[in-house]
């Protein structure tokens, strides 16, 4: 039921299940209030068939974007309409405190929108780093303390009372852009997010690439920028040390003697501050190298830049200008159309796919996300 009303025969064709099995499943879902009749097919040879659609308010998905500085939570229904939003600074205590913060924000959004908590079926949490299925922890996330040493998914599940899926935030972002953004429908797409850290998400031949240990796309560990063999590079990554928030701030302080935040560096660059301009030029060069590395290995149709730093037009323009000198073939680079909502949209995508599979008892192929088409959803309004 990806594109609105659909017949049982069409469901059988798309899932590979027998017509009898689909009839039994759809009957049960209709009795339980998950689907409803919405008329009959017309304009076809032969008998008309009953069409069904999912009842949007039958269940809800909590979509959470956990960052080193902020946590954003929204709730989406089964038609992928957004209901409410809560944003607040990430709890500096980390660990269980952040898990409880996520659960509280989700409950608050539900309360704001008069959504019964028993209708919340799933929470999908995007976070920087590498989710470990076996332990429920998130590794390689130096900007959020304590989530690497506990069952983080279990802590959220205990506090919120629903199943929890952890996913890398940039993996979610590339899914979001592939669904509703500038990478819509692309079979080979890369997303690079630059902000507190740097990471990449990759779709190849239509499938999300996670890697053997869910750590594909950890671009911060590319071996250039800082010395990759220094002890600090094992924690934050050689590239991340120089190209993300801390690296930009350190470089500007080194050049100017002033300690300022990244937005101020951009403001000063706009005013002609030579030290700020140098920082932007150097950051763009590192980012362009990362783009070239991704393209050399994966050959995507398009690379989308996002994150609080990566989506700045000043950097995107600099990166585009550098690429012809650094790569043998043209590279299409776009600024994210979804902005900070890309990961939330990807989280809703994961949640919808999991619920679809649970409803129909059929797994999508590994890495494949089965979703409504862009014209049938309005979740992209969250990016505006």
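The values are calculated or read from the model by the stated rules, or taken from the named source; none is laboratory data. Quick caveat, the model's predicted, so the values are computed rather than measured. Virtual Cβ from ideal backbone geometry, glycine too; neighbours counted across all protein chains shown.
How many residues does region 2-11 hold that are modelled with pLDDT under 75, in contact with a helix residue (DSSP H, G or I) (Cβ under 8 Å, 6 or more places away or on another chain) and either surrounded by fewer than 19 Cβ atoms within 10 Å (Cβ to Cβ) or at positive phi (or both)?
Matching residues across region 2-11 total 3.
From the residues in region 48-60 that are surrounded by fewer than 16 Cβ atoms within 10 Å (Cβ to Cβ) and not in a loop (DSSP other than H, G, I, E, B), which one is modelled with the lowest pLDDT?
50
Looking at region 17-34, I want the residues that are assigned by TED's automatic domain parsing to the domain that holds residue 50 and have a partner that is modelled with pLDDT of 80 or more and assigned to a helix (DSSP H, G or I) with Cβ atoms under 6 Å, at least 6 apart or on another chain. Which pairs are those?
Between residues of region 17-34 that are assigned by TED's automatic domain parsing to the domain that holds residue 50 and residues that are modelled with pLDDT of 80 or more and assigned to a helix (DSSP H, G or I), the close pairs are 33/58; 34/58.
Pick from region 128-146 the residues that are modelled with pLDDT of 95 or more and touching a helix residue (DSSP H, G or I) at 6+ places or on another chain (Cβ under 6 Å): which of them is nearest to residue 220 (Cα to Cα)?
Among those residues, the one meeting the criterion is 138.
Report the residue count in region 269-280 for those that are assigned to a helix (DSSP H, G or I) and either exposed (fewer than 15 other Cβ atoms within 10 Å of the Cβ) or free of Cβ contacts under 8 Å to residues at least 12 places away in the same chain (or both).
Going through region 269-280 one residue at a time, the tally reaches 3.
Yes/no matrix, rows are residues, columns are (1) at pLDDT 80 or above; (2) surrounded by 15 or more Cβ atoms within 10 Å (Cβ to Cβ):
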{"residue": "22", "(1), (2)": "no, yes"}
{"residue": "32", "(1), (2)": "no, no"}
{"residue": "36", "(1), (2)": "no, no"}
{"residue": "46", "(1), (2)": "no, no"}
{"residue": "62", "(1), (2)": "yes, yes"}
{"residue": "66", "(1), (2)": "yes, yes"}
{"residue": "89", "(1), (2)": "yes, no"}
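Condition check ((1) assigned to a helix (DSSP H, G or I); (2) farther than 24 Å from residue 179 by Cβ) across all residues:
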position	(1), (2)
294	yes, no
303	no, no
311	no, no
324	yes, yes
329	no, yes
346	yes, no
358	yes, no
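Condition check ((1) part of a loop (DSSP other than H, G, I, E, B); (2) farther than 17 Å from residue 341 by Cα; (3) without any contact (Cβ under 8 Å) to a residue 60 or more places away in the chain) across all residues:
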residue: 65; (1), (2), (3): no, no, no
residue: 71; (1), (2), (3): no, no, yes
residue: 87; (1), (2), (3): no, no, yes
residue: 92; (1), (2), (3): yes, yes, yes
residue: 97; (1), (2), (3): no, yes, yes
residue: 102; (1), (2), (3): no, no, yes
residue: 108; (1), (2), (3): no, yes, yes
residue: 115; (1), (2), (3): yes, yes, yes
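Residue 154 fails exactly one of the following numbered conditions: (1) buried (at least 24 other Cβ atoms within 10 Å of the Cβ); (2) in contact with a strand residue (DSSP E or B) (Cβ under 9 Å, 6 or more places away or on another chain); (3) under 25 Å from residue 69 (Cβ atoms). What is the number of that condition?
If we test residue 154 against (1) buried (at least 24 other Cβ atoms within 10 Å of the Cβ); (2) in contact with a strand residue (DSSP E or B) (Cβ under 9 Å, 6 or more places away or on another chain); (3) under 25 Å from residue 69 (Cβ atoms), just (1) comes out false.
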